[in-house]
Amino acid sequence: MPGLARTDDRLYAEAMQNFNQVIDTSGLFVLIFLGALAVTVAVAVIEYRRGRRTVALWAGVAAVLYVVALLVTFSVNIPLNNELAAIGDPAKARDLSVVDKFKGVWETTNIMRTLLCTAALGCLAYGLRVQGRGWAGVPD
């Protein structure tokens with residue numbers, strides 16, 4: 001993103017519009033994007049029902065972190081994507097002021113989402129580690 005931000009506003013807008021259009025039309029992306037939450041919640045529920053409360057806790061924390069990332073995505077990033085799409089063809093757009101707002105806010109929240117998802121992945125990894133100890137006969 002920092003490299004893209006160095007380009008002029010028209011090129012930046014065009015690149016982000018293209019990126020968002022590809023993501024918006026990718027069924028695989030949507031499946032993975034939402035499937036990650038579904039699988040994480042399922043793991044938390046299954047592990048809880050099996051009595052592995054520690055593993056369930058870490059999966060639950062991961063799910064909560066991912067939900068927060070999704071809330072940021074749906075409340076901030078997607079509306080910004082829509083505003084950027086609304087300018088139409090950047091080469092013909094007269095007002096590119098939305099690009100400056102987009103750059104600052106979108107990039108900041110994207111970093112936030114990345115950190116939240118990384119923390120969720122860390123929780124899942126730790127849950128796997130705890131689960132592995134259980135398989136080895138070590139109490140969780």
If a residue has to be open to solvent by less than 50 Å² (accessible area, probe 1.4 Å), hydrophobic (A, V, I, L, M, F, W, C) and over 11 Å from LEU116 (Cα atoms) to count, how many in segment 63-81 make the cut?
2
Within segment 36-53, identify whether any single residue is under 21 Å from ASN110 (Cα atoms), assigned to a helix (DSSP H, G or I), open to solvent by 60 Å² or more (accessible area, probe 1.4 Å) and charged (D, E, K, R), and answer yes or no.
no
If you go through segment 54-62 one residue at a time, do you hit one that is surrounded by 12 or more Cβ atoms within 10 Å (Cβ to Cβ) and modelled with pLDDT under 95?
yes
What is the residue count in segment 6-50 for residues that are more than 20 Å from GLN131 (Cβ to Cβ) and more than 20 Å from the chain's Cα centre (by Cα)?
9
Of the residues in segment 97-127, those that are touching a Phe, Trp or Tyr at 6+ places or on another chain (Cβ under 9 Å) and within 14 Å of ASP9 (Cα to Cα) number 3
Would you check if there is a residue in segment 82-90 being modelled with pLDDT of 90 or more, open to solvent by less than 80 Å² (accessible area, probe 1.4 Å), assigned to a helix (DSSP H, G or I) and closer than 10 Å to ALA13 by Cα?
yes
Number of the exception - THR7 against (1) within 27 Å of ASP100 (Cβ to Cβ); (2) among the β-branched types (Val, Ile, Thr); (3) modelled with pLDDT of 95 or more
(3)
Evaluate the following for GLY104: is it out of contact with any helix residue (DSSP H, G or I) (no Cβ under 8 Å at 6 or more places or on another chain) and part of a helix (DSSP H, G or I)?
yes
Looking at segment 1-31, which of its residues are outside any helix (DSSP H, G or I) and open to solvent by 50 Å² or more (accessible area, probe 1.4 Å)?
MET1, ARG6, ASP8, THR25
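The values are calculated or read from the model by the stated rules, or taken from the named source; none is laboratory data. Just so you know, these numbers come straight off a predicted model, no measurement behind them. FYI the Cβ positions are ideal-geometry reconstructions off the backbone, even for glycines, and counts take in every protein chain you see. All accessible areas refer to the heavy atoms of the entire protein, side chains included, with ligands and DNA or RNA removed. Shrake-Rupley method; radii C 1.70, N 1.55, O 1.52, S 1.80 Å.
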